[in-house]
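Right, one structure below, let's go through it.
The values are calculated or read from the model by the stated rules, or taken from the named source; none is laboratory data. Being a predicted model, the structure only gives us computed values, none of them experimental. We place every Cβ from the backbone using ideal geometry, glycine too, and count neighbours over all the protein chains shown.
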Amino acid sequence: MNNTALSRLAKIIAIAVIIIAVVIALVIYYYFFVMSAKPVPEYILIGTSADLTGGTAFIEKGFHYAYQ
């Protein structure tokens, strides 16, 4: 083999490796980000905590009823 044939073969191998790497990256992206995506809920439940017993219960009970 002469020098030009070797460099042409090296270019073909490099292009093949790049194509394979891109295909693998797309498969990984699809598997991890597209297939595992959860549907968006219609609403978001927001919660809080309130002391209903103890020293600050008289203040927190008002908040508890307001939250409801």
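Each row is one residue, and each column tells you yes or no for (1) among the aliphatic types (A, V, I, L, M); (2) modelled with pLDDT under 80; (3) touching a Lys or Arg at 6+ places or on another chain (Cβ under 8 Å).
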residue	(1), (2), (3)
M1	yes, yes, no
R8	no, no, no
I19	yes, no, no
V27	yes, no, no
A37	yes, yes, no
Y65	no, yes, no
Selected residue (only one of K38, K11 is part of a helix (DSSP H, G or I) and among the basic types (K, R)): K11
Failed criterion for A21 (all others in (1) surrounded by 10 or more Cβ atoms within 10 Å (Cβ to Cβ); (2) not polar (S, T, N, Q); (3) not in a helix (DSSP H, G or I) hold): (3)
Residues being surrounded by 11 or more Cβ atoms within 10 Å (Cβ to Cβ) and in a loop (DSSP other than H, G, I, E, B) - total across region 57-68: 0
Residue list for region 13-49, restricted to those being under 30 Å from E60 (Cβ atoms) and hydrophobic (A, V, I, L, M, F, W, C): I44, L45, I46
